[in-house]
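Colleague: First, the structure itself, so that you have it in front of you.
The values are calculated or read from the model by the stated rules, or taken from the named source; none is laboratory data. Because the structure is a prediction, the values reported are computed rather than measured. Glycine also receives a Cβ, built like all others from the backbone with ideal geometry; neighbour counts cover every protein chain displayed. When the accessible area is computed, the model is the full protein with side chains, heavy atoms only, and any ligands, DNA or RNA have been set aside. Shrake-Rupley method; radii C 1.70, N 1.55, O 1.52, S 1.80 Å.
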Amino acid sequence: MLWMTAYHFCFDLNYHGLISEDFYQDPFWTWQRTAIVSLFLFTAGVSQAIAVDQGQTWGRFWRRWRQVALAALLVTAGSWWMFPRGVIYFGVLHGIAVMLIVVRLTAGWGRWLWPLGVLAIAGKFVAPALMAMEPGLLVFNTPWLNWLGLINRFPVTEDYVPLLPWLGVMWWGMAAGRWALAQRPAWLGAGDTSAAGLKRGMVVMGRWSLVYYLLHQPVMLALIAGALWLLG
């Protein structure tokens, strides 16, 4: 979350013209985005493993899922206002909403989640070759189907986190979480004393991650805009 905040702060500086960076093509920025999204989805998978281990009911799961889905709709609405030519229709929260259901339904698949994750990630690289051989598959580039991730042309949108390859990362998170709970519970905080100081702040941020995710960008944009106005 801290890395994401720093990345978005630089993006906002670029948006206001205070720096000049290519966030869409420069590997320095594109690889950071890939790493940040990977951390988010892997952690979401680990969190699902913990939830299943603690006996989370489907009722509680759906309550949390509705919060994520509503937040995704808010992101779409906000992006339509800020980036009308690049509306976010399947960004990270949209992807998480779909992947959470899949990962929850497959939580009991054990070690099979590791090879399934490999296949999901490989799908991103295999799809372009298949589409080159069979033009009929180009239909997967359309907005109605590109959320699956079987594309050879990146859509025009400010955030795009399709099912493939990212479901593989969340599957790996679930598999790693189930393994850690069984073999290394201390890695996930079992037996830890109550957090204090800086660690406590990080814990609170993690527990309110969805709210933080929704608010950090508007707050930073407003602060930068306010600073520019005060400085003339």
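Colleague: So for region 200-216 (the condition being open to solvent by less than 30 Å² (accessible area, probe 1.4 Å), without any contact (Cβ under 8 Å) to a residue 12 or more places away in the chain and either over 23 Å from Ser79 (Cα atoms) or of a type in the set (S, T, N, Q) (or both)), does at least one residue qualify?
Modeller: No, region 200-216 contains no residue that is open to solvent by less than 30 Å² (accessible area, probe 1.4 Å), without any contact (Cβ under 8 Å) to a residue 12 or more places away in the chain and either over 23 Å from Ser79 (Cα atoms) or of a type in the set (S, T, N, Q) (or both).
Colleague: Quick check on region 26-63: of everything there that is among the small types (Gly, Ala, Ser) and buried (at least 16 other Cβ atoms within 10 Å of the Cβ), which residue is nearest to the chain's Cα centre (by Cα)?
Modeller: Checked region 26-63; the qualifying residue nearest to the chain's Cα centre (by Cα) is Ser38.
Colleague: Let me ask something else about it. Looking at the structure I just gave you, is Pro185 touching a Gly at 6+ places or on another chain (Cβ under 9 Å) and modelled with pLDDT under 90?
Modeller: Taking the combined requirement at face value, the residue satisfies it.
Colleague: If you don't mind, there's one more thing I want to ask. Run down Ala127, Ala132, Ala180 and say which single residue is more than 30 Å from Pro84 (Cβ to Cβ) and surrounded by 13 or more Cβ atoms within 10 Å (Cβ to Cβ).
Modeller: Exactly one residue qualifies, and that residue is Ala180.
Colleague: Assess whether Val102 counts as being of a type in the set (A, V, I, L, M) and over 18 Å from the mean Cα position of the chain (by Cα).
Modeller: Spelling it out, it is not the case that Val102 is of a type in the set (A, V, I, L, M) and over 18 Å from the mean Cα position of the chain (by Cα).
Colleague: Answer yes if at least one residue in region 16-25 is under 19 Å from the mean Cα position of the chain (by Cα), open to solvent by less than 30 Å² (accessible area, probe 1.4 Å) and within 26 Å of Pro155 (Cβ to Cβ), and no otherwise.
Modeller: Yes, region 16-25 contains a residue that is under 19 Å from the mean Cα position of the chain (by Cα), open to solvent by less than 30 Å² (accessible area, probe 1.4 Å) and within 26 Å of Pro155 (Cβ to Cβ).
Colleague: OK, next. Arg104: touching a residue at least 12 places away in the same chain (Cβ under 8 Å), within 24 Å of Ala175 (Cβ to Cβ) and open to solvent by 50 Å² or more (accessible area, probe 1.4 Å), yes or no?
Modeller: Considered against the rule, which asks whether it is touching a residue at least 12 places away in the same chain (Cβ under 8 Å), within 24 Å of Ala175 (Cβ to Cβ) and open to solvent by 50 Å² or more (accessible area, probe 1.4 Å), Arg104 comes out as no.
Colleague: Out of all the residues in region 156-213, which are under 15 Å from Ala97 (Cα atoms) and of a type in the set (Ser, Thr, Tyr)?
Modeller: Correct list: Tyr160, Ser209, Tyr213.
Colleague: Across region 72-84, what is the number of residues that are surrounded by fewer than 17 Cβ atoms within 10 Å (Cβ to Cβ), in contact (Cβ under 8 Å) with a residue 40 or more places away in the chain and either in a loop (DSSP other than H, G, I, E, B) or touching a helix residue (DSSP H, G or I) at 6+ places or on another chain (Cβ under 7 Å) (or both)?
Modeller: Result for region 72-84: 2.
Colleague: Yes or no: Trp172 closer than 30 Å to Leu214 by Cα and modelled with pLDDT under 90?
Modeller: When the stated conditions are applied, Trp172 does not pass them.
Colleague: Exactly one of these conditions fails for Leu198: (1) under 22 Å from Ala49 (Cα atoms); (2) in a helix (DSSP H, G or I); (3) among the hydrophobic types (A, V, I, L, M, F, W, C). Give me its number.
Modeller: (1)
Colleague: While we're here: Answer with yes or no whether Val87 is aliphatic (A, V, I, L, M), open to solvent by 10 Å² or more (accessible area, probe 1.4 Å) and in a helix (DSSP H, G or I).
Modeller: no
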